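Notes follow once the structure below has been shown.
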Amino acid sequence: MNSCSSGEAERWKKCSSFEAARFPKAWSGHPSKGWASAGEAQRLQSGAALVKRGKAKKREKDLCRGAPSQRPDPRLNSPPPGNMYEPRPARTFSAQEARAAIRTVLEGRLREAKYQPQGSALAAVELAEGVKAAVKALGYDRYKIVCYLVLGATRASDLSCSSRAVWSPAADTYAEFCFQNDSLFALCLVFAVYQE
């Protein structure tokens with residue numbers, strides 16, 4: 001059993017990692033070129049053991065000294081400065097405020113109205129624009145307002161409405177209001193989509 005000379009042991013101690021050590025030509029790292037002789041293999045193994053022991057001792061010293069551990073930097077999770085982009089709304093959209101604005105517009109324009117099939121399409125567009133303007137006047141920044149309004153006659157029949165959109169539950173929301181009198185009904189949905 002061969003042991004390392006003191007010079008070789010010192011060389012191994014100075015190496016910062018096992019990979020940084022210079023190996024003799026007997027082992028090239030490729031199986032086709034062969035293994036080192038028994039003496040050289042023993043010498044390589046003892047050198048690797050010295051490197052491992054050195055790393056373990058260094059870790060122990062760092063722990064005893066109270067060296068900082070490998071924790072993430074808390075500054076990376078801090079909020080951005082004032083001039084940086086903020087992905088969340090400063091003031092979130094209130095469905096209750098929007099519902100009150102929708103109610104005001106629809107009740108003001110449709111209280112005494114009678115349903116007429118010929119002009120209902122144009123009336124629906126005008127009502128939707130009025131509702132959209134009233135909701136935008138509430139002053140929500142960076143929200144895209146989409147108004148969906150259905151105007152129809154009051155009858156003993158059912159109506160089904162649906163819509164699809166890409167939605168972020170954290171920032172996007174909607175408000176709805178349904179107005180009805182003896183002659184007509186108006187179903188209004190306002191979608192508030194936050195623009196990042």
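The values are calculated or read from the model by the stated rules, or taken from the named source; none is laboratory data. Note that the structure is predicted; figures quoted are calculated from it, not measured. Every residue, glycine as well, gets a Cβ built from its backbone with ideal geometry; the counts of neighbours run over all protein chains shown. Side chains are part of the model used for accessible areas, which takes the heavy atoms of the whole protein and leaves out ligands, DNA and RNA. Shrake-Rupley method; radii C 1.70, N 1.55, O 1.52, S 1.80 Å.
Taking region 110-150, which residues are of a type in the set (Ser, Thr, Tyr) and within 32 Å of the chain's Cα centre (by Cα)?
First pass over region 110-150, keeping only residues of a type in the set (Ser, Thr, Tyr): 115, 120, 140, 143, 148.
Within region 110-150, 140, 143, 148 qualify.
When you go through 127, 189 one by one, which is the residue that is part of a helix (DSSP H, G or I) and either touching a residue at least 60 places away in the same chain (Cβ under 8 Å) or surrounded by 12 or more Cβ atoms within 10 Å (Cβ to Cβ) (or both)?
Details: 189 fails: part of a helix (DSSP H, G or I).
Residue meeting the stated conditions: 127.
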Qualifying residue in region 135-146 (condition: over 22 Å from residue 88 (Cα atoms), modelled with pLDDT under 90 and surrounded by fewer than 19 Cβ atoms within 10 Å (Cβ to Cβ)): no
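How many residues does region 92-113 contain that are more than 17 Å from residue 149 (Cα to Cα), at pLDDT 90 or above, open to solvent by 30 Å² or more (accessible area, probe 1.4 Å) and not polar (S, T, N, Q)? Give the steps one after another, and end with the answer.
To start, the set of residues in region 92-113 that are more than 17 Å from residue 149 (Cα to Cα) comprises 92-94, 96-97, 112.
When the remaining residues are screened for being at pLDDT 90 or above, the result is 93-94, 96-97.
Going one step further and asking which of them are open to solvent by 30 Å² or more (accessible area, probe 1.4 Å), we end up with 94, 96-97.
In the following step, the residues that additionally are not polar (S, T, N, Q) were identified as 97.
Selection size over region 92-113: 1.
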In this structure, does residue 184 turn out to be of a type outside the set (S, T, N, Q), surrounded by 17 or more Cβ atoms within 10 Å (Cβ to Cβ) and modelled with pLDDT of 90 or more? yes
Conditions: (1) part of a loop (DSSP other than H, G, I, E, B); (2) open to solvent by less than 80 Å² (accessible area, probe 1.4 Å); (3) at pLDDT 90 or above. Residue 163 meets all but one. Number of the miss? (3)
If you go through 89, 81, 72, 68, the only one that is modelled with pLDDT under 80, assigned to a loop (DSSP other than H, G, I, E, B), within 16 Å of residue 191 (Cα to Cα) and not β-branched (Val, Ile, Thr) is 89
I need the full set of residues from region 166-179 which are open to solvent by 80 Å² or more (accessible area, probe 1.4 Å) and either closer than 13 Å to residue 189 by Cα or among the small types (Gly, Ala, Ser) (or both), in order please. 170, 174, 176
